Ligand code: PA5
């Protein structure tokens, strides 16, 4: 693939190449089932050809709305949770200056998030901020009924109407939801908000390339058309061949499947760029919700290096040996910064003087990989040349497709999430939601 290469050579001490190759016929079958939309969860396979079928008109409408919002807002509040939040944040953080929020001269609104938790303090402090700043809002929920974003939206809608009046609020609120059903759709129609539809056949965690992700990303000033170009390229290449030797998504899925079969039940996605922290969060949801069912599945964890080498490094090096590591390696930095010479050299770092920070980071990455392999942690390396729109677009599709393949290899439906309902039912019963009377009695008795 143009922007992605994968190296699994550091798994060969733990699993045999032949084992991986032996999955070829299964991979070919699942590759076909995904593209033909015939496998488990086939009603939610809209993401498979989403990049190449994105309507130019939608992209232009998103860009026009983003431009309009830039003129009226310093902050853009993105209300959503899970798949209605993490994709946007993953891309925005990966491609933005982390200090944007502190810069007084900004070309684009700073993106902040709400409705991804139920913390009173978080939302009260957000209200205090919104008192002082000009803002606009995207409320995002496919079902239109999720409690966390619904509570946040109730608060922010109320604040917005008080601050800007009904008409002003209408100009500042955009709803992204199902095209026909759900409470949010009804509310948006009643209030006359600008709306975007989430396709029926694209589930939350696969929705970053729909308006769910693309609108907030565009408001942040990122070129969404380039992201789509990257994703389209990945779709085309991945579609061309299911051959494990030619298709990196197939190789990744096959390798992690064999590692899992050999007792490596936990996958750690590691990065060496703090801007990828939320990309990892997005990946965790994608794989965790897709594979973790029927009492099986790899547990997806994430670390940000070198930061977490000083906290989790010990465990990875020496703890329980049920883990493997997948590193997203970024070849080149976007900016240049050299370690300066210091006459006194009290810190003893003059041996680094003149070297780029990225070179030091690379050596940390290589050193870590070898140390962890020596500590019996197999390593998969996924390399992109640089952090930019196209490589992120490719990476999104690569991980989505590999996730679909992985779920099928595991024998589960990677496109549902039945387990997510359990906590919601208990919470509703505890909060005396109408219709939950019986559960309410039972659950309260259990807590006595
Ligand atoms: O991937 C998923 O389906 C979930 O994570 C959902 O995205 C999340 O629960 C939010 O749901 P909704 O968009 O309906 O508010």
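Within region 183-203, the set of residues being in contact (Cβ under 8 Å) with a residue 60 or more places away in the chain and either in contact with a strand residue (DSSP E or B) (Cβ under 8 Å, 6 or more places away or on another chain) or outside any loop (DSSP other than H, G, I, E, B) (or both) comprises 194, 196, 200.
Of the numbered criteria (1) crowded, with 20+ Cβ neighbours inside 10 Å; (2) away from the ligand (no atom under 13 Å from the Cβ), the one residue 112 fails is (1).
Among the residues making up region 78-93, a single one is surrounded by fewer than 24 Cβ atoms within 10 Å (Cβ to Cβ), near the ligand (Cβ under 10 Å from one of its atoms) and part of a helix (DSSP H, G or I): 82. Residues satisfying the criterion are absent from region 31-43 (criterion: touching a residue at least 60 places away in the same chain (Cβ under 8 Å), touching a strand residue (DSSP E or B) at 6+ places or on another chain (Cβ under 6 Å) and surrounded by 13 or more Cβ atoms within 10 Å (Cβ to Cβ)).
Checking each residue in region 152-184 for being surrounded by fewer than 17 Cβ atoms within 10 Å (Cβ to Cβ) and within 16 Å of the ligand (Cβ to nearest atom) picks out 154, 179, 180, 181, 183.
Across region 354-367, a minimum of one residue is classified as surrounded by fewer than 16 Cβ atoms within 10 Å (Cβ to Cβ), over 30 Å from residue 317 (Cβ atoms) and not assigned by TED's automatic domain parsing to the domain that holds residue 201. Please state which one of 251, 187 is in the same structural domain as residue 324 (by TED's automatic domain parsing) and either surrounded by fewer than 19 Cβ atoms within 10 Å (Cβ to Cβ) or modelled with pLDDT of 95 or more (or both). Exactly one of 251, 187 is in the same structural domain as residue 324 (by TED's automatic domain parsing) and either surrounded by fewer than 19 Cβ atoms within 10 Å (Cβ to Cβ) or modelled with pLDDT of 95 or more (or both), namely 251. Scanning region 124-148 for residues that are away from the ligand (no atom under 16 Å from the Cβ) and crowded, with 17+ Cβ neighbours inside 10 Å returns 126, 130, 135, 136. Counting only helices (runs of 4 or more DSSP H) that sit completely within region 204-282, those holding 2 or more residues that are within 16 Å of the ligand (Cβ to nearest atom) correspond to 211-219.
When the criteria are applied in full, residue 323 meets the requirement of being more than 20 Å from residue 90 (Cβ to Cβ) and either more than 15 Å from the ligand (Cβ to nearest atom) or in contact with a helix residue (DSSP H, G or I) (Cβ under 6 Å, 6 or more places away or on another chain) (or both). Remark: pairs (first residue in region 411-425, within 19 Å of residue 42 (Cα to Cα); second residue assigned to a loop (DSSP other than H, G, I, E, B) and away from the ligand (no atom under 11 Å from the Cβ); Cβ separation under 7 Å; 6+ apart in sequence or on different chains) = 412/294; 413/40; 413/41; 414/41; 415/41; 416/41. Of all residues in region 107-128, at least one satisfies being touching a strand residue (DSSP E or B) at 6+ places or on another chain (Cβ under 8 Å), on the phi > 0 side of the Ramachandran plot and in contact (Cβ under 8 Å) with a residue 12 or more places away in the chain.
It is to be established whether one or more residues within region 409-417 are in a helix (DSSP H, G or I) and within 26 Å of the chain's Cα centre (by Cα). Among the residues of region 409-417, at least one is in a helix (DSSP H, G or I) and within 26 Å of the chain's Cα centre (by Cα), which makes the answer yes. Scanning region 363-377 for residues that are more than 18 Å from residue 323 (Cβ to Cβ) and touching a residue at least 24 places away in the same chain (Cβ under 8 Å) yields a total of 1.
The values are calculated or read from the model by the stated rules, or taken from the named source; none is laboratory data. Predicted model, so just to flag it, every value in this text is computed and none were measured. When we count neighbours, we look across all protein chains shown, and the Cβ atoms used for this are built from the backbone with ideal geometry, even at glycine.
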